[in-house]
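Presented below is the structure to which this report refers.
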Amino acid sequence: MTIEWRPDDRQFHLRDDGISLVLRVYGDGTLGHLHLGAALPLGRSYRHLGPDPFDGFSNRVGEPVPLAYPTSGTGDYRVPGLVAVGADGATALALRYRDHRIVAGKPALDGLPSTYVEDPGEAETLEVTLADEPSGLEVDLRFTIFAGRPVIVRSARIRNTGTAPVRLMTAMSLTADLPDADWILVGLAGAWAREAHVVERRLVPGRQSASSTRGASGAQHNPFIALRREATDEIHGAALGFSLVYSGNFLAEVEVDPFDTTRVRLGIEPETFEWYLAPDAVFTTPEAVVAWSEDGLGGISDAFHGLYRDRLARGHWRDRPRPVVLNNWEATYFDFDADRLVEIARAARELGVELFVLDDGWFGRRDDDTTSLGDWFVDRRKLPGGLEDVASRVTALGLEFGIWIEPEMVSAESELFRAHPDWTIGIPGRPRTESRQQLVLDMGRPEVVDHLDGVLGDILASAPISYVKWDMNRSITEPYSLALPPERQGEFFHRYILGVYELYRRLTERFPRVLFESCASGGGRFDPGMLAFAPQAWTSDDTDAVERLAIQWGTSLVYPLSSISAHVSAVPNHQTGRITPLATRAAVAFFGVFGYELDPTALGEAERREVVEQIAFYRRHRDLFQRGRFLRLDSPFDGDRDRVGWMVASADRREAIVGAYRIRNRPSPGPERLRLRGLDPDATYRVAVWPDPGDPVARANEGERSGAELMAAGLSLAVDRVEAAALGDFRARLFVIEAS
Ligand code: DGJ
C-alpha cells in the first residue's frame, strides 16, 4: 500500500496490489480523476490519461474532463459532487487545489460510522484541500487505501471559512469519472419481505440511479451499486462496487454523457437535503467505499465482506461466535405472558438454542400494534415480575436473554406522546400520515436522544439482557422538525440519522457486552452504517426458504455472513403460505447467523429430533458459517431460477460446506453437476452429505475427491427419472467437505 505524490506531474497515486486510484491537479488547480481500477505501476506519470494541459473549461464547455469532485456552473454539465449557494445566491463553485497531506492510518469521521484501522500500518490516507475563493468554502477530500484490500474509502469535509453563511444543496461522498460506458449496472432492489433482489441494466446515455427518500436506507434499494463488464460473472472479469456507509436517504447514481464516459456519484440524497453552513462550521459527508475486482462480482463481495466484518463492525461481538437464537415473534405475536415465555424458552433450551429473544409486546399496554411505542416500561399485566423475573427464569435455564425495542417510534396512544407531542415528526397545520399506527420521533432533537438513552439504559440495566433487536417499522412522512427554523428544515433527514447514530453510540458504549441486531421490518435498513453499531441485521421478515435464497444471495453481494441473521420458521410460512421441508429451511438459514422463529412447544417428536440435529450441526460448523468465505455458485436470478447453489469455505481452504437447492422438482432430470470454488486444487477432501439420506446422490459423492476435481467437475446432483418422481419440490442438500 502506497500513496505516491509526484510534484512535477502534480499527481497522486494510491496503490495496493489489487487497486489503483490516480488523481492529478490540473493547470487551473482543479482535481482530476485519471484512473480508478486495476493496480498500475508506481513511479510513472499518468497525466496523459486526462486532458493535458487542462486550464479550465474555457472553449471546452461540456467536454468530459475526468474530475475528482465536480461542481456545477463552470463548464461541466454532468451530475455534480458539490453544490452550494453562497451569500450572493450563486451556485457556480470553482474548487481549486490548496494543499494536501498524507498520513498513516485513517482518521475517524466526526459523528458518523466509518471503517477504521487498529494499527496505523493498516492504511494510508490522502487529504487534499480544495478551495473556492469567492465563497470561502474549503473541502478536504479524504481517500484511504488499505494494505491487502482492493478498496478505496472516500469522504469530504466541507468548511465555511468565509464571513457569510453558505447553503449546501448537494454534498456527495464520492464521485468517480470512468473513461467509457461499457458497463452493466448491478443493484439490489425490492420491497418489504422481498429485499435485496439483484437487478441489472445496461448503461445508456442519461442518468440511472438507486435511492431512498424514506428516512432509512430502505428495502427498496440498498445503498450499493456495482458496475460490471458484459463478460463479467461471479468469478471472472472486471467489476467496481460502490457502497455507502450511511443509513438515511441516499443516492447512488450513474450518468453516461454524450461522449460515452461514465460518472458515478454516491452520497446523501440531494433532493431531501440542504445544510446551512455558518462561518467556521464544518459538514462531514458519510464515507463511501469503492471495491475493484478482476475476479468478477465474487471479488467485490470478498473485499466488502472482509472490510465490513473486520474493520467496520466493532466491539465485543465482532469476532465472537454469535449465539443460536429463538425469537418468539411468530410463535406468539403479542399474545404471551411470563409463564408462556418461559415454557417456550425451556423447550428451546432442550433443542440446543442459546439465546431467547422476547420480541415486540412486552412494554406499555401493547396487545397489538396500535399502542404503547415510546412507553419503555414493562407491561405488568403480562410480566408481573418485570423483565428481571422473566430474564432470570430464562437465564436460569442456561439461555441468554434478549429483547426487542423500537426506539425511534411513538404510538399516538402512549404516555410519551401525551407528554411530548412536539417530539413527533409532522408539519404544523397539515395532516400527519400514519403507518402501522405509529408516528416517528424527531431523533434530530438532543432531548429525544437523551430521553431514550435514559429509559432504554434503565431497561437494559434492569435485567440480565445480553441482546437487543432494534427495529424501525415505518418510513418517514411529513419530514419536519419543530426544533428547526423553517429555513433549516432541509437538515431534517440527516439530523434524524445523526440522532439515531448518537443513541446507538451511547447504548453500545454503555453496554459493550450486549449484542445488537438491527432491523427495519426486516432488511429495510440493512446497510453499512448500521453494521458499525450492530454487527448483525435481521435480513428479512420473509423466512420462507425459497424467498430467502434470493434475499440472502443478493444481500451477500455486499454483506458478510456474520451480519446476515437467518431463522427457520414454521410452515405454512407466515409471509408466503408456502410449505417447505424443515431440512430445507435450515439448509438455507445455516448460511448466516442462525436461529428459529417458531413455537418449539408445537413441534412434533420427529421435528424436535431434527431441530436438535440441526442446531448441533450448526454449532459444530459455526465458525465456518459465520466467518467463512461465502461463494455464490448457481444464481436464483439466472436461467430457470429453480437451481441455486452456494458454499462457504474456511480461510485455509481445509473445510467447506456446500448448499445445493432445487426449488421446483424437474422430471427426467439430466446429469446435473455443481462446480465448486475456493478449494485447494492439490488437497484431497472427504465429501459427506448432511444429513445422509443414503440415496443415490449421497452415494455418488461420498468419499475422497481432489480439490481440482471438485472445482473442475463438481459434485453430482443427478437423479434418474424414477428417483426424481419421488422427490417433490423445495429440496436441499448440504455437502460437508473436509481436507483429509
Ligand atoms: C418487524 C420485525 O421485522 C419483526 O421481526 C418483528 O420484530 C416485528 N417488527 C415486531 O413488531
Inset, instruction - Test Arg207 against the stated conditions and say whether it is closer than 30 Å to Arg677 by Cα, touching a strand residue (DSSP E or B) at 6+ places or on another chain (Cβ under 8 Å) and among the basic types (Lys, Arg). - result: no
Inset, instruction - Return only the number of the condition from (1) without any contact (Cβ under 8 Å) to a residue 40 or more places away in the chain; (2) under 27 Å from Gly162 (Cα atoms); (3) out of contact with any Ser or Thr (no Cβ under 8 Å at 6 or more places or on another chain); (4) surrounded by fewer than 19 Cβ atoms within 10 Å (Cβ to Cβ) that Arg60 does not satisfy. - result: (2)
Legend entry - Evaluation of Val440 against (1) more than 16 Å from the ligand (Cβ to nearest atom); (2) under 22 Å from Glu274 (Cα atoms); (3) of a type in the set (A, V, I, L, M, F, W, C); (4) crowded, with 22+ Cβ neighbours inside 10 Å (one fails), failing number: (1)
Inset, instruction - State whether the residues of segment 32-52 include one that is basic (Lys, Arg) and assigned to a helix (DSSP H, G or I). - result: yes
Legend entry - Residues of segment 466-512 satisfying the condition of being over 26 Å from the mean Cα position of the chain (by Cα) and assigned to a loop (DSSP other than H, G, I, E, B): Glu478, Tyr480, Ser481, Leu482, Ala483, Leu484, Pro485
Legend entry - Any helices (runs of 4 or more DSSP H) falling wholly within segment 649-730 and containing at least 1 residues that are at pLDDT 95 or above, of a type outside the set (D, E, K, R) and out of contact with any Gly (no Cβ under 7 Å at 6 or more places or on another chain): 696-701, 707-712
Inset, instruction - Name, by its number, the condition in (1) on the phi > 0 side of the Ramachandran plot; (2) more than 22 Å from the chain's Cα centre (by Cα) that does not hold for Gly111. - result: (2)
Inset, instruction - Return a yes/no flag: does segment 499-514 have any residue that is within 16 Å of the ligand (Cβ to nearest atom) and charged (D, E, K, R). - result: no
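Any idea which of Arg78, Arg60, Arg47 is charged (D, E, K, R), over 17 Å from Arg24 (Cα atoms) and under 37 Å from the mean Cα position of the chain (by Cα)?
The unique qualifying residue is Arg78.
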Inset, instruction - Name every residue in segment 292-329 that is in a loop (DSSP other than H, G, I, E, B) and within 16 Å of the ligand (Cβ to nearest atom), in order of residue number. - result: Asn328
Legend entry - Failed item in (1) charged (D, E, K, R); (2) within 16 Å of the ligand (Cβ to nearest atom); (3) out of contact with any Ser or Thr (no Cβ under 8 Å at 6 or more places or on another chain), with Glu447 passing the rest: (2)
Legend entry - Residue ID - nearest to the ligand (Cβ to nearest atom), chosen from residues in segment 467-489 that are buried (at least 19 other Cβ atoms within 10 Å of the Cβ) and among the small types (Gly, Ala, Ser): Ser475
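For segment 330-372, which positions are assigned to a helix (DSSP H, G or I), under 30 Å from the mean Cα position of the chain (by Cα) and surrounded by fewer than 21 Cβ atoms within 10 Å (Cβ to Cβ)? Step through it out loud before you land on a result.
Looking only at segment 330-372, we keep the residues that are assigned to a helix (DSSP H, G or I), and these are 330-332, 338-351.
Now narrow it down to the ones that are under 30 Å from the mean Cα position of the chain (by Cα): 330-332, 348.
Result: Glu330, Thr332.
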Inset, instruction - Would you mind stating whether Thr163 is part of a loop (DSSP other than H, G, I, E, B), surrounded by fewer than 24 Cβ atoms within 10 Å (Cβ to Cβ) and among the polar types (S, T, N, Q)? - result: yes
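Of all residues in segment 352-362, how many are more than 10 Å from the ligand (Cβ to nearest atom) and either over 22 Å from Leu460 (Cα atoms) or touching a helix residue (DSSP H, G or I) at 6+ places or on another chain (Cβ under 8 Å) (or both)?
5
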Inset, instruction - Count, please, the residues in segment 444-465 that happen to be in a helix (DSSP H, G or I) and among the small types (Gly, Ala, Ser). - result: 3
Inset, instruction - Identify all residues within segment 449-464 that are hydrophobic (A, V, I, L, M, F, W, C) and surrounded by fewer than 22 Cβ atoms within 10 Å (Cβ to Cβ); write none if there are none. - result: Val455, Leu456, Ile459, Leu460, Ala461, Ala463
Legend entry - Single residue of segment 410-443 satisfying the filter (assigned to a helix (DSSP H, G or I), in contact with a Leu (Cβ under 8 Å, 6 or more places away or on another chain) and over 18 Å from Thr370 (Cβ atoms)) that is modelled with the lowest pLDDT: Asp422
Inset, instruction - Could you tell me whether segment 342-351 includes any residue that is within 16 Å of the ligand (Cβ to nearest atom) and either under 30 Å from Val85 (Cα atoms) or hydrophobic (A, V, I, L, M, F, W, C) (or both)? - result: yes
Inset, instruction - Could you list, in sequence order, all residues of segment 190-233 that are buried (at least 22 other Cβ atoms within 10 Å of the Cβ) and either assigned to a loop (DSSP other than H, G, I, E, B) or hydroxyl-bearing (Ser, Thr, Tyr) (or both)? - result: Gly190, Glu195, Ala196, Ser212, Arg214, Gly215, Ala216, Ser217, Gly218, Ala219, Thr232
Inset, instruction - Can you give me the number of residues within segment 700-738 that are over 36 Å from the mean Cα position of the chain (by Cα), charged (D, E, K, R) and within 23 Å of Phe590 (Cβ to Cβ)? - result: 2
Inset, instruction - Take Arg677 and decide whether it is touching a residue at least 60 places away in the same chain (Cβ under 8 Å), over 19 Å from Thr584 (Cα atoms) and under 31 Å from the mean Cα position of the chain (by Cα). - result: yes
Legend entry - Residue selected from segment 88-143 under the condition among the β-branched types (Val, Ile, Thr) and in a loop (DSSP other than H, G, I, E, B), by the criterion modelled with the lowest pLDDT: Thr91
Inset, instruction - Look through Arg418, Arg381, Arg393 and report the one residue that is more than 16 Å from the ligand (Cβ to nearest atom), over 27 Å from Thr213 (Cα atoms) and free of Cβ contacts under 8 Å to residues at least 12 places away in the same chain. - result: Arg418
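Considering only helices (runs of 4 or more DSSP H) fully contained in segment 517-600, which possess at least 1 residues that are more than 16 Å from the ligand (Cβ to nearest atom) and surrounded by fewer than 24 Cβ atoms within 10 Å (Cβ to Cβ)? Show your work before the answer.
Numbers: elements: 528-531, 545-555, 582-589.
Ranges flagged: 545-555, 582-589.
The values are calculated or read from the model by the stated rules, or taken from the named source; none is laboratory data. Keep in mind the model is a prediction, meaning the values are calculated, not measured. Note: ideal-geometry Cβ built from the backbone for every residue, glycine included; neighbour counts use all protein chains shown.
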